[in-house]
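Laboratory data are not the source of any read-out in this text; all were calculated from the coordinates shown. Treat the numbers as computed from the prediction; the structure is a model and nothing was measured. Here the Cβ is made from the backbone with ideal geometry for all residues, glycine too, and neighbour counts use every protein chain on show.
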Amino acid sequence: MKYLRTAWQVKDSALWLALLRILTGYIFIHAGWEKVVEAGFAANLPNTLARFASNNPYPWMKALLEGVAIPNAGLFAVLFSWGELLVGLSLFFGVFSQIGLLGALAMNLTFFFAAGWTSPSTSTANQMMIFAEIIMLLGFAGKVLSVDQVIYDLHPKLLPWWPRRLEEAPAA
């Protein structure tokens, strides 16, 4: 609790990145769980993908949707619903945060190129998520309030690339 008070007073960016990571994780958990438990998601996915491919401005994405995703819609339904859920859990709890952020970034890039053209809100939401994920990735958003940090504190040699936690600033 002392860390949170100190971080709030000195405006420590690690705390803000962690809160952004947790919120992003919640968004992915919510989206993934909804798809996992809703039987209609998998059943409607071929139609959704066909709509995304219909006027897609990116020829390579249109070809990917029509040639790979639509014929294998059942597989993609499982991959994306469980992928969103697992990425969300990774980010929410800070377990393998960097890997979770790479997964989130890959999914949002895919969503942007597949469906971003359908509306300004879809485009903008994915652009904001991509931008936030890059910032979290570069800022090691899992360095506080995370299982990753606990692992690093107990066994630093397991995560040799992990940045050390910022020392608490002295009280002003």
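Taking the Cα centre of the chain as origin, sum charge times position over the Cβ atoms of Lys and Arg (+1) and Asp and Glu (-1), and report the length of that vector in debye to the nearest 20.
Once rounded to the nearest 20, the dipole reads 260 debye.
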*asked:* For the range 12-158, take N as its residue count and report Rg(C-alpha) divided by 2.2 N^0.38 Å.
replied: 1.13
_Residue among L17, L159, L137 with the largest mean-square fluctuation in a Gaussian network model of the chain, springs linking Cα atoms under 10 Å_ = L159
*Which ordering of L109, L154 is given by a fewest-first count of other beta-carbon atoms within 10 Å?*
L154, L109
_Segment V150-L109, length gained on full extension (0.36 nm per residue, minus Cα span)_ = 11.7 nm
_Cleavage-rule hits (trypsin sites (Lys or Arg not before Pro)) in the range 11-68: DSSP loop, at most 14 neighbouring Cβ within 10 angstrom_ = K11
*In the chain, which helices (entire DSSP H runs) extend 18 Å or more along their own long axis, judged by Cα positions, while averaging at least -0.5 on the Kyte-Doolittle scale?*
13-37, 39-54, 73-93, 97-115, 120-138
*Separation of the F41 and S119 label points, Cα + 7 Å toward Cβ, nm*: 1.8 nm
*Find which of F113, G25, H155 sits farthest along the positive direction of the dipole of the range 19-172, computed with +1 on the beta-carbon of Lys and Arg, -1 on that of Asp and Glu, about the Cα centre.*
F113
*Shape parameters for the range 34-89, alpha-carbon atoms, Rg then Dmax in Å*: 11.9, 34
*Take the chain, connect every pair of alpha-carbon atoms lying under 10 Å apart with a spring to form a Gaussian network, then pick out the residue of M136, M107, M128 with the largest mean-square fluctuation.*
M128
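Given the Cα-Cα distance of A63 and S13 and 0.36 nm per residue of separation, how much length would full extension add, in nm?
Between A63 and S13, full extension yields 13.8 nm more.
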